[in-house]
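Chemist: Shown below is the structure under consideration.
The values are calculated or read from the model by the stated rules, or taken from the named source; none is laboratory data. What you are looking at is a predicted structure, and each value in this text was computed from that prediction instead of being measured. Here the Cβ is made from the backbone with ideal geometry for all residues, glycine too, and neighbour counts use every protein chain on show.
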Amino acid sequence: MYRYCICVGMILKAHSLRALWTVSVRNCSLSTSTLNQHQPLNLSSLESKAFVDGQWLATENQFAVTNPFDESVIGLAADCDKHVTLAAVESASVALGSWKKTTAKERSKILRKWFDLMISQRENLAKIITLENGKPIMQSDGEIQYAADFLDWFSEEGKRTYGITIPSPNPNKRMITMKQPIGVVSMITPWNFPSAMITRKVGPALMAGCTVVLKPSEETPFSALALARLAEEAGIPRGVLNIVPCSRVNVSAVGTVLATHPSVAGVSFTGSTATGKMLLKQASSTVKKMSLENGGNAAFIVFDSCDIDKAVSGAMASKFRYSGQTCICASRFLVQAKVHDEFISKLTEAVRNQLVIGDGMNPNTTFGPLINQQAVLKMEAFLANAVKMGGKIVVGGKRSSVRSTIFEPTILTNANVSMECLSSETFGPIIPVLKFETEDEAVKIANQSTYGLAGYLFSEDVSQCWRVAERLECGVVGVNEGLISSAEAPFGGVKESGLGREGSIYGMDEFMDVKYMCFGV
Ligand code: ADP
């Protein structure tokens, strides 16, 4: 339908692009009919394919994707190279011409259909997440709802990207603003939320009128392709959304195209701080609009004035969701002296009794594996360092006997700020607890970090809640609450944790420029 609407010039341009692409994408074959809505949405149907220019492209090279629970190979993913990525950027550039001219209402209908398809396929999509990243299936199901919520939210929010009229200081001038799409956007997404991190970016970008080239994490390419398949079924036109999975071998070449190509107007990234900083440097050569959600190292402050049971359930929810592998997981536990022992004792009991360790595919499991062996080695190194510096392990502290990629939920007391598990992003199930005496001391320690994504505090003293929440140097604060993410709320960090905000009423801004127009009268 969409292709019929575009002008003749566009068609010619699209055709010449196709000719160029056929030449440049060597060693790949096109298969428009290999995937369609009548096939079941399962992982094997997505093997060895990239989604470029509305086509399912089989690449010559593939890479293995493994299940973190038993380390078995679950499928072979397409390993896109620089040439495929260039073709995807070209395709997104061509598609931009007509996509940005569609009305927000038209785009909203497509997004809403995509949302409906996600919900109707939630079981299959959740299974793909668990197979790829080991997340307990009930949490994967929750992620699908959360991911779909971004499409629902932005399908509405994107209809309200209003400009303003400005009271002019000059009687002979009239001043107004309007918002316009920035253009083609590159997106690079992580493995910990393989669906939600895609819709949180793609939803607002498409609603803004931008087109997208997205590189998913090499650990979780199939979730991205499954979403693309539903996007295609929902009617997202050819070239508007392109997915280019690649292995670590090609990531630097693919990333360089995405961050430096002159046709790309913006880069939206979620991942490690090191990669975020590198992309920022690369993108500076052509001054792209950057949206970065880097790492975090959230302080979790428990004050004497708290309700201990609330603090314990907040800690369990924040720390052990996906085995501690979320960017906003509580990381540095600061507990005031008077409640310290009681908090540790109740938390230890909760860790012992509330978590069901095992294979994420089992619906009873609440605590599964880490993403890979390196992640487990990192936990072991953190603990060795902490114990050497006087830390005491209260519970856990080693690999689980269930599987070698599962690291037991761990509580470590007597922690201090020199330990690696406090100074670096943990990204695993270790709770290092540092005892403090005064509010000022806690705030000072919490802010002693180059990160500034999330922070948590537990107190029943309402003045203290306001005071500390305002003083914490981070983008997101949970007050007496451990689960804080939602499509309606802004997500993003300060300091080295990132640039920009995703979700909420602010999420559209990452993909729109404000144009000011001055009319002489
Ligand atoms: P993690 O260590 O948690 O996987 P990364 O920052 O390495 O965090 O990964 C987040 C995303 O960034 C993934 O999609 C990954 O492939 C991508 N990535 C890693 N290195 C580069 C790079 N040099 N250029 C572009 N993207 C990269």
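Chemist: Please indicate, with yes or no, whether at least one residue in segment 277-291 is among the polar types (S, T, N, Q), in contact with a strand residue (DSSP E or B) (Cβ under 6 Å, 6 or more places away or on another chain) and within 30 Å of G97 (Cα to Cα).
Modeler: Our first condition is that a residue be among the polar types (S, T, N, Q); within segment 277-291, this holds for 282, 284-286, 291.
Now narrow it down to the ones that are in contact with a strand residue (DSSP E or B) (Cβ under 6 Å, 6 or more places away or on another chain): 291.
Filter once more, keeping what is within 30 Å of G97 (Cα to Cα): 291.
Within segment 277-291 (the criterion being among the polar types (S, T, N, Q), in contact with a strand residue (DSSP E or B) (Cβ under 6 Å, 6 or more places away or on another chain) and within 30 Å of G97 (Cα to Cα)), the answer is yes, since at least one residue qualifies.
Chemist: Taking E123, is it free of Cβ contacts under 8 Å to residues at least 12 places away in the same chain and surrounded by fewer than 18 Cβ atoms within 10 Å (Cβ to Cβ)? Steps first, please.
Modeler: Working: free of Cβ contacts under 8 Å to residues at least 12 places away in the same chain: no; surrounded by fewer than 18 Cβ atoms within 10 Å (Cβ to Cβ): yes.
For E123, the condition - free of Cβ contacts under 8 Å to residues at least 12 places away in the same chain and surrounded by fewer than 18 Cβ atoms within 10 Å (Cβ to Cβ) - is not met.
Chemist: Quick one: N242 ticks every box in (1) over 18 Å from R112 (Cα atoms); (2) in a loop (DSSP other than H, G, I, E, B); (3) away from the ligand (no atom under 12 Å from the Cβ); (4) not hydrophobic (A, V, I, L, M, F, W, C) except a single one, so which number is it?
Modeler: In the conditions (1) over 18 Å from R112 (Cα atoms); (2) in a loop (DSSP other than H, G, I, E, B); (3) away from the ligand (no atom under 12 Å from the Cβ); (4) not hydrophobic (A, V, I, L, M, F, W, C), N242 misses (2) alone.
Chemist: From E156, E132, which residue is on the phi < 0 side of the Ramachandran plot, of a type outside the set (A, V, I, L, M, F, W, C), touching a residue at least 24 places away in the same chain (Cβ under 8 Å) and crowded, with 24+ Cβ neighbours inside 10 Å? First the steps, then the outcome.
Modeler: Working: E156 fails: crowded, with 24+ Cβ neighbours inside 10 Å.
That would be E132, the only listed residue that is on the phi < 0 side of the Ramachandran plot, of a type outside the set (A, V, I, L, M, F, W, C), touching a residue at least 24 places away in the same chain (Cβ under 8 Å) and crowded, with 24+ Cβ neighbours inside 10 Å.
Chemist: Could you tell me how many of the residues in segment 248-287 are within 19 Å of S195 (Cα to Cα) and either more than 9 Å from the ligand (Cβ to nearest atom) or at pLDDT below 95 (or both)? Outline the logic, then answer.
Modeler: Just the residues of segment 248-287 that are within 19 Å of S195 (Cα to Cα), to begin with: 267-272.
Among the residues that remain, those that are also either more than 9 Å from the ligand (Cβ to nearest atom) or at pLDDT below 95 (or both) are: 267-268.
Residues that pass the stated criteria total 2.
Chemist: Does T326 qualify as being within 16 Å of the ligand (Cβ to nearest atom), modelled with pLDDT of 95 or more, within 24 Å of A78 (Cα to Cα) and of a type in the set (S, T, Y)?
Modeler: Criteria not met by T326.
Chemist: Still on this model: Being crowded, with 19+ Cβ neighbours inside 10 Å, of a type in the set (V, I, T) and assigned to a helix (DSSP H, G or I) narrows it down to one of V267, V257, so name that one.
Modeler: V257
Chemist: Only one of (1) in contact with an Asp or Glu (Cβ under 6 Å, 6 or more places away or on another chain); (2) surrounded by fewer than 24 Cβ atoms within 10 Å (Cβ to Cβ); (3) not basic (K, R) is not met by A234, so which one is it?
Modeler: Here A234 meets the rest and fails (1).
Chemist: If you don't mind, there's one more thing I want to ask. May I ask you to say which residue of K101, K105 is surrounded by fewer than 21 Cβ atoms within 10 Å (Cβ to Cβ), part of a loop (DSSP other than H, G, I, E, B) and not small (G, A, S)?
Modeler: Values: K105 fails: part of a loop (DSSP other than H, G, I, E, B).
Exactly one residue qualifies, and that residue is K101.
Chemist: Mind checking whether some residue in segment 296-304 is part of a loop (DSSP other than H, G, I, E, B), closer than 30 Å to I445 by Cα and more than 15 Å from the ligand (Cβ to nearest atom)? If you could, list the steps in order and put the result at the bottom.
Modeler: So in segment 296-304, the residues part of a loop (DSSP other than H, G, I, E, B) come out as 296-297, 303-304.
Then drop every residue that is not closer than 30 Å to I445 by Cα, which leaves 296-297, 303-304.
Remaining after also requiring more than 15 Å from the ligand (Cβ to nearest atom): 303-304.
The answer is yes; a qualifying residue exists.
Chemist: Taking the options E293, E349, name whichever one is modelled with pLDDT of 95 or more and away from the ligand (no atom under 12 Å from the Cβ).
Modeler: Details: E293 fails: away from the ligand (no atom under 12 Å from the Cβ).
When all the criteria are applied, what remains is E349.
Chemist: Among the residues of segment 220-236, is any within 11 Å of the ligand (Cβ to nearest atom), outside any helix (DSSP H, G or I) and in contact with a helix residue (DSSP H, G or I) (Cβ under 6 Å, 6 or more places away or on another chain)?
Modeler: First, pick out the residues of segment 220-236 that are within 11 Å of the ligand (Cβ to nearest atom): 220-221, 224.
Checking which are outside any helix (DSSP H, G or I) leaves us with 220.
This time we only want the ones that are in contact with a helix residue (DSSP H, G or I) (Cβ under 6 Å, 6 or more places away or on another chain), so: 220.
Yes, some residue in segment 220-236 is within 11 Å of the ligand (Cβ to nearest atom), outside any helix (DSSP H, G or I) and in contact with a helix residue (DSSP H, G or I) (Cβ under 6 Å, 6 or more places away or on another chain).
Chemist: Another question, if that's okay. For segment 466-508, enumerate the residues that are assigned to a helix (DSSP H, G or I) and within 20 Å of A317 (Cα to Cα).
Modeler: Taking segment 466-508 first, the residues assigned to a helix (DSSP H, G or I) are 466-471, 495-497, 507-508.
Of everything in segment 466-508, just one residue is assigned to a helix (DSSP H, G or I) and within 20 Å of A317 (Cα to Cα), namely A469.
Chemist: I've got another one for you. Just to be sure, is G203 part of a helix (DSSP H, G or I) and surrounded by fewer than 24 Cβ atoms within 10 Å (Cβ to Cβ)? So that I can check it myself, show each step before the final result.
Modeler: Working: part of a helix (DSSP H, G or I): yes; surrounded by fewer than 24 Cβ atoms within 10 Å (Cβ to Cβ): no.
No.
Chemist: Any idea how many residues of segment 55-76 are within 22 Å of the chain's Cα centre (by Cα) and of a type in the set (V, I, T)?
Modeler: Qualifying residue count, segment 55-76: 2.
Chemist: Let me ask you something else. Do any strands (runs of 3 or more DSSP E) entirely within segment 21-67 hold 1 or more residues that are crowded, with 19+ Cβ neighbours inside 10 Å, in contact with a strand residue (DSSP E or B) (Cβ under 7 Å, 6 or more places away or on another chain) and modelled with pLDDT under 60, and if so, which? Even if it seems obvious, please write down each step before you answer.
Modeler: Details: elements: 28-30, 49-52, 55-59, 62-66.
Of the strands (runs of 3 or more DSSP E) lying wholly inside segment 21-67, those with at least 1 residues that are crowded, with 19+ Cβ neighbours inside 10 Å, in contact with a strand residue (DSSP E or B) (Cβ under 7 Å, 6 or more places away or on another chain) and modelled with pLDDT under 60 span 28-30.
Chemist: Now a separate question. Taking A92 and the conditions (1) touching a helix residue (DSSP H, G or I) at 6+ places or on another chain (Cβ under 8 Å); (2) within 18 Å of P216 (Cβ to Cβ), which numbered condition does it fall short on, given that it satisfies the others?
Modeler: Just one mismatch for A92, condition (1).
Chemist: Can you go through I188, I176 and tell me which one is modelled with pLDDT of 95 or more, among the β-branched types (V, I, T) and within 11 Å of the ligand (Cβ to nearest atom)? First the steps, then the outcome.
Modeler: On the way: I176 fails: within 11 Å of the ligand (Cβ to nearest atom).
None of the other options fit; the residue is I188.
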